[in-house]
Amino acid sequence: MADIFDLVIIGAGPGGYVAAIKGAKLGLSVAVVENREVGGTCLNRGCIPAKAMIHASQLYREMKEGGQFGIFAENVRYEYDKILEYKEGTSGSLRQGVEQLFKANNVTLVKGTGTLQADKTVLVTGCEGEEESRVLKGTHVLLASGSKPMNLPIEGLDLPGVLTSDGLLELLHAPESLLIIGGGVIGAEFASVFSSLGIRVTIVEALPRLLANLDKDISQNLKMILKKRGIKIYTGAMVKRIEKTEHGLACVFEEKGEEKREEADYVLSAAGRVPETEKLLGPGTELAMERGRITVDSNFETSMEGVYAIGDVIKGIQLAHVASAQGVWVAEHLAGTGHSIDLSVVPSCVYTSPEIASVGLTEEEAAQAGIPVSVGKFLMSANGKSQISREERGFIKIIAEADTKVVLGAQMMCARATDMIGEMATAVANKLTVPQLLLGMRAHPTYNEAVGEALEELEGGSIHTVPRQAPGKLKSRQ
């Protein structure tokens with residue numbers, strides 16, 4: 001006999017667990033099925049452990065460079081196993097928090113593999129502590145099974161020592177050298193981690209620049225910073241094969257028509273992720289799909305009535321906070337309340353040093369769309385807090401509609417960018433104007449002051465920037 005709930009969710013990642021808690025708070029009876037740890041990839045094999053390693057490695061680099069502040073420490077070293085303990089402890093603490101929230105909100109957690117059946121029930125196999133399978137019946141079902149690292153069709157990618165991001169996070173010792181295939185967010189962040197630990201790092205990226213989907217200024221600045229830190233970077237480079245060598249691995253690739261070869265202890269394949277749909281659908285259960293992703297409507301309902309899907313299993317941006325926002329949207333839809341989040345405004349963050357964050361339109365995207373804009377840009381070299389902490393080259397750029405001064409987007413490359421982008425996401429979502437944002441006084445000294453300076457540039461000139469044109473004239477770009 002089936003256990004009956006208002007909502008049954010397959011997957012306890014940032015999409016599934018947030019939808020469960022929000023649904024429970026709105027009065028729905030909710031069950032969540034998860035065959036691994038709660039928190040999904042984000043808490044266990046992605047966002048949180050990766051950022052913990054970024055924090056540890058940056059702290060090590062900063063201690064080594066403390067002489068610039070008059071601070072000298074002898075014999076600064078790291079123990080990789082202790083870094084791993086710190087990483088695991090951080091994830092474990094957050095996992096416990098999610099499980100406690102489930103209990104506090106009366107969400108039923110079922111450990112096992114959930115499979116959607118043709119009759120819209122969910123069959124759970126491999127249940128913890130149970131020999132027999134279990135059947136859950138939901139008035140509504142939400143598929144939030146997430147994604148897994150993508151396997152590229154490259155010869156030699158199955159060799160020992162070729163790792164995905166999952167495997168790299170599980171590596172029990174620090175490599176002497178690492179070659180990264182892919183210069184996107186995952187590649188850039190892991191390059192920062194291991195180069196900060198003194199490990200030789202090489203990036204091979206097929207596209208013309210790193211972080212190709214972000215503002216061009218960000219890509220160019222990041223490449224210069226990473227090169228300055230000793231990272232070897234190849235862009236516009238197509239990997240042909242991975243070979244086993246006497247001391248490790250070799251990556252053979254073509255750049256500008258020339259075949260090149262770089263060797264390393266390990267190779268990280270960091271070229272994206274694909275939906276995790278294994279065992280998600282039972283025999284005879286069919287959902288409309290497009291290129292391996294589940295098709296949904298504007299309310300995230302699939303082709304099967306009453307069945308919804310969110311996060312990495314559907315088309316769109318693969319970010320934890322996007323999945324969470326979609327989970328909230330579905331819970332609100334099922335509960336019949338109004339929607340509280342604008343899903344069209346998505347901040348993107350990269351946790352390199354300096355941090356990178358973006359929301360809304362870039363200058364290039366506005367030009368492609370034929371939207372006349374004004375651009376305010378402030379270099380962080382003139383920011384007091386950045387001078388104090390000796391930050392490397394960075395900037396804040398704000399894009400506004402030329403006539404109305406409505407803020408359309410912002411790009412940041414500076415310390416605390418990932419924290420500050422929230423203000424600009426609020427501005428874009430609420431169609432706030434430059435004068436409205438300037439009404440708020442910003443404290444000194446802060447990195448956030450630079451947001452005000454970029455806004456002032458849009459109003460005729462930043463206080464702490466040498467004028468490039470007559471005061472009062474906006475720079476319009478069409």
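The values are calculated or read from the model by the stated rules, or taken from the named source; none is laboratory data. Bear in mind the structure is a predicted one, so any value in this text is a computation, not a measurement. Because the Cβ atoms are built from the backbone with ideal geometry, glycine has one as well, and the counts that use them run over all protein chains shown. Just the protein is used for accessible areas: all its heavy atoms, side chains included, with ligands, DNA and RNA removed. Shrake-Rupley method; radii C 1.70, N 1.55, O 1.52, S 1.80 Å.
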- prompt: If you check I233 against the conditions, is it of a type in the set (A, V, I, L, M) and out of contact with any strand residue (DSSP E or B) (no Cβ under 7 Å at 6 or more places or on another chain)?
  reply: no
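Hey, could you check segment 458-478 for residues that are open to solvent by less than 30 Å² (accessible area, probe 1.4 Å) and of a type outside the set (S, T, Y) and say which is modelled with the highest pLDDT?
L458
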Note: among S340, S324, S358, S344, just one is buried (at least 16 other Cβ atoms within 10 Å of the Cβ) and not assigned by the TED database to the domain that holds I9, namely S358
Within segment 69-115, the count of residues that are within 23 Å of the chain's Cα centre (by Cα) and on the phi > 0 side of the Ramachandran plot comes to 0
Considering residues that are surrounded by 15 or more Cβ atoms within 10 Å (Cβ to Cβ) and part of a strand (DSSP E or B), the number found within segment 136-167 is 12
Quick count over segment 168-186, residues being in contact (Cβ under 8 Å) with a residue 24 or more places away in the chain, under 14 Å from M53 (Cβ atoms) and not in a loop (DSSP other than H, G, I, E, B), is 4
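Conditions (1) modelled with pLDDT under 95; (2) among the basic types (K, R); (3) not in a loop (DSSP other than H, G, I, E, B), marked per residue:
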| site | (1), (2), (3) |
| --- | --- |
| I4 | yes, no, yes |
| I9 | no, no, yes |
| G13 | no, no, no |
| L43 | yes, no, yes |
| M53 | no, no, yes |
| L94 | no, no, yes |
When Y78 is run through (1) outside any helix (DSSP H, G or I); (2) farther than 26 Å from M53 by Cα; (3) open to solvent by 40 Å² or more (accessible area, probe 1.4 Å), the failure sits at (2)
Going through (1) open to solvent by less than 10 Å² (accessible area, probe 1.4 Å); (2) in contact with a helix residue (DSSP H, G or I) (Cβ under 8 Å, 6 or more places away or on another chain); (3) of a type outside the set (A, V, I, L, M, F, W, C); (4) over 29 Å from S358 (Cα atoms) one by one, H173 fails only at (1)
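Conditions tested, residue by residue: (1) assigned by the TED database to the domain that holds L319; (2) open to solvent by 20 Å² or more (accessible area, probe 1.4 Å); (3) in contact with a Ser or Thr (Cβ under 6 Å, 6 or more places away or on another chain).
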{"site": "V30", "(1), (2), (3)": "yes, no, no"}
{"site": "V38", "(1), (2), (3)": "yes, no, no"}
{"site": "I48", "(1), (2), (3)": "yes, yes, yes"}
{"site": "G67", "(1), (2), (3)": "yes, yes, no"}
{"site": "T90", "(1), (2), (3)": "yes, yes, no"}
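For segment 118-128, check the following and say yes or no: at least one residue is small (G, A, S) and closer than 17 Å to R36 by Cα. Lay out the reasoning, then the answer.
As a first pass, look at segment 118-128 and keep what is small (G, A, S): 118, 126.
Then drop every residue that is not closer than 17 Å to R36 by Cα, which leaves 126.
Within segment 118-128 (the criterion being small (G, A, S) and closer than 17 Å to R36 by Cα), the answer is yes, since at least one residue qualifies.
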Of the residues in segment 61-110, those that are within 17 Å of C47 (Cβ to Cβ) and among the charged types (D, E, K, R) come to K87, E88, R95
In the set E423, E401, E392, the lone residue that is under 26 Å from the mean Cα position of the chain (by Cα) and free of Cβ contacts under 8 Å to residues at least 40 places away in the same chain is E423
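Looking at this structure, is A118 farther than 29 Å from T302 by Cβ and assigned by the TED database to the domain that holds G15? Please lay out each step first, then the result.
Values: farther than 29 Å from T302 by Cβ: no; assigned by the TED database to the domain that holds G15: yes.
It is false that A118 is farther than 29 Å from T302 by Cβ and assigned by the TED database to the domain that holds G15.
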Counting only residues that are without any contact (Cβ under 8 Å) to a residue 60 or more places away in the chain and open to solvent by less than 30 Å² (accessible area, probe 1.4 Å), segment 435-450 contains a total of 1
Taking first residues from segment 337-355 that are of a type in the set (D, E) and second residues anywhere that are open to solvent by 40 Å² or more (accessible area, probe 1.4 Å), the pairs with Cβ under 7 Å that are 6 or more apart or on different chains are E355/R416
When restricted to L178, L142, L169, the only residue among the aliphatic types (A, V, I, L, M) and closer than 19 Å to K279 by Cβ is L142
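Take segment 187-213 and flag every residue that is in a loop (DSSP other than H, G, I, E, B), of a type outside the set (A, V, I, L, M, F, W, C) and either open to solvent by less than 40 Å² (accessible area, probe 1.4 Å) or assigned by the TED database to the domain that holds L319 (or both). Even if it seems obvious, please write down each step before you answer.
If we filter segment 187-213 for residues that are in a loop (DSSP other than H, G, I, E, B), which is where we start, we get 197-199, 205-213.
When the remaining residues are screened for being of a type outside the set (A, V, I, L, M, F, W, C), the result is 198, 205, 208-209, 213.
Correct list: E205 only.
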**Prompt:** Does any residue of segment 309-321 turn out to be among the hydrophobic types (A, V, I, L, M, F, W, C), farther than 22 Å from S165 by Cβ and surrounded by fewer than 18 Cβ atoms within 10 Å (Cβ to Cβ)?
**Reply:** no
query: Is one or more of the residues making up segment 428-446 under 21 Å from L214 (Cα atoms), modelled with pLDDT of 95 or more and not assigned by the TED database to the domain that holds Q58?
result: yes
Taking the criterion of being free of Cβ contacts under 8 Å to residues at least 12 places away in the same chain and more than 23 Å from L163 (Cβ to Cβ), would at least one residue in segment 246-262 satisfy it? yes
Log entry, pairs with first residue in segment 20-37 being in a loop (DSSP other than H, G, I, E, B), second being crowded, with 19+ Cβ neighbours inside 10 Å and among the aliphatic types (A, V, I, L, M), beta carbons closer than 7 Å, six or more apart or on different chains, reads L26/A331; L28/L7; L28/L334
When V428 is run through (1) among the aliphatic types (A, V, I, L, M); (2) in contact (Cβ under 8 Å) with a residue 60 or more places away in the chain; (3) in contact with an Asp or Glu (Cβ under 8 Å, 6 or more places away or on another chain), the failure sits at (3)
